[in-house]
Amino acid sequence: ITPPLANQLAFQTDDSFDVAVIGGGIVGLASARELILRHPNLTFTLLEKEKELSLHQTGHNSGVIHSGIYYTPGSLKAQLCVRGAMLTYQYCQKKGVPYKKCGKLIVAVEREEIPRLKALYERGQVNNVQDLRLIDAKAIREKEPYCRGIMALDSPNTGIVDWQLVALTYGKDFQEAGGTVITDFEASDIKVAAESAAGSAEGLKYPIIIKSSQGKEVRCRFVLTCGGLYSDRLSEISGCSSEPRIVPFRGDYLVLKPEKNYLVRGNIYPVPNPRFPFLGFHFTPRMDGSVWLGPNAVLAFKREGYKLFDFDTQDFVNAVSYRGLQKLVMKNIVYGMGEIYRGVFTSAQVKNLQKFIPELSPSDVLRGPSGVRAQALDAEGNLVDDFVFDGGKGELGSRILHVRNAPSPAASSSLAIAEMIADELEKRFQL
């Protein structure tokens, strides 16, 4: 599949559809695909602000197919991840998308981590994650000869895939089912049409107008937004709530030099520390044969800022003036300063990783790519950790569904999330 998949349409201002999906990342594409497969008699369009699909969070992640170990039993995240991983493997098999079930070890290197590791094992069992087992130091070395630890949780069904390729394949399915993809369309306004503007029949049938920043228009009956890093702003321009607010966190990876790739066979993760909001540094093999190490997590000064000095005044002011971020920073000030330090000094990042692979040295790594995560925060500084759907009141609010938060592991869960979103859309809009 060669990107861009999108139809480069000669744009007509009278383009009208039953449902418009805003956002060409993996959640938007999976949802559009699910909806058109369920409702082949309706017309669908997907609107993406970039010239190609899946360039941001979908195209800048670690590529792991998560199995569902970490998440609170009974939570939506747990259910969707376990089902999503199963559906992903089935989908990739059916479509011929390459993947590898290379497994994952969550490794305890300190005695104090063992109770947390055992609790993770119990949690995984309750979540119905298949084939989990606790292994000792000898079994760790058998699976990962260069890894050192005193105990590990072995998850053989964790895998890796190129999520951007998966998302583009969803897009191909959507187009082949009759869906229209429009790229280079940045939604800047969503409003109800005045009936007189287009004649009463057209105005009544397609009452919603989505206008792009370049002045182009699409009409529709219903809108689904899957805006990722811009989900709060899409909600605001449609007159819905600005909460929860999106705060962008950049994660910087290191990459093993190719001659050192033998050090890592599968995914190697630390035991997560419950005091900190992110999973910590890990070793991740990639489909292209490279190995990524990291990431850290630092505030990004631009929502799509993948470089250290990328800066956007509006994004920066929105973030630092938000009470929720101020409270999060105060609660995690030491952790945050450590993340910044490790982001600047590669040797500090490597020192952390040497706890797991002592043979690793600073000369074995290069600076790698970065990603930006859309982290939803509430006003009290709490990370919003589950899915948030939002609509509004009145004619416009009753015809729009915002996916406000689709938290990690949204890619692994994407096909299951799409089922849930389609169910929600059908319920709200009686499709």
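The values are calculated or read from the model by the stated rules, or taken from the named source; none is laboratory data. Worth saying up front: this structure is predicted, and the values here are computed from it rather than measured. Cβ sites come from the backbone with ideal geometry, for glycine too, and all protein chains shown count toward neighbours. These accessible areas exclude ligands, DNA and RNA; they are computed on the full protein's heavy atoms, side chains included. Shrake-Rupley method; radii C 1.70, N 1.55, O 1.52, S 1.80 Å.
Quick notes on this structure:
- For the residues 347, 370, 54, a GNM of the chain with alpha-carbon springs under 10 Å puts the largest fluctuation on 347.
- In this Cβ point-charge picture (+1 for Lys and Arg, -1 for Asp and Glu), region 91-199 has a dipole of about 700 debye about its Cα centre.
- The Rg/Rh ratio for region 55-174 is 1.02, where Rg is the radius of gyration of the alpha carbons and Rh is the Kirkwood radius.
- Accessible-area rank, largest first, for 133, 367, 275: 275, 367, 133, with all protein chains present and a 1.4 angstrom probe.
- Kirkwood hydrodynamic radius (C-alpha pairs) into Stokes-Einstein, region 129-239, 25 °C and 0.890 mPa s, D in µm²/s: 130
- Radius 14 Å from Cβ of residue 93, net charge of other residues (Lys, Arg +1; Asp, Glu -1): +4
- Using the 1.4 Å probe convention, the accessible area of region 232-275 works out to 38 Å² per residue with neighbouring protein chains retained.
- For residue 65, distant residues with modelled amide H under 5 Å away: 159, 160, 161
- Computed from the C-alpha gyration tensor, the three semi-axes of the ellipsoid equivalent to region 245-383 are 29, 16, 13 Å, from longest to shortest.
- Annotation: amide H of residue 46 within the under-5 Å range of 21, 180, 181, 182, sequence separation 5 or more or interchain, hydrogens built in the peptide plane.
- Carbon plus sulfur fraction of accessible area for the chain, probe 1.4 Å, in percent: 51
- The chain, helix-only ellipticity at 222 nm - DSSP H runs n ≥ 4, -39,500 (n - 2.57), divided by all residues, nearest 500: -9500 deg cm²/dmol
- Exceeding the 24 Å Cα-Cα cut-off - candidates 100/257; 77/257; 172/427; 172/302; 101/143; 260/302: 77/257; 172/427; 172/302; 260/302
- Ranking 292, 163 by solvent-accessible area of protein heavy atoms (1.4 Å probe, all protein chains present), from largest to smallest, gives 292, 163.
- Taking trypsin sites (Lys or Arg not before Pro) across region 29-58, the ones in a DSSP loop with at most 13 further Cβ atoms lying within 10 angstrom of their Cβ are 51.
- Sequence-distant residues sharing a close amide H with residue 249 (under 5 Å, placed H): 300, 373, 375
- Residue among 43, 225, 158 with the largest mean-square fluctuation in a Gaussian network model of the chain, springs linking Cα atoms under 10 Å: 43
- Averaging over all projection directions, the Cα-based convex hull of the chain occupies 20.5 nm² in the image plane.
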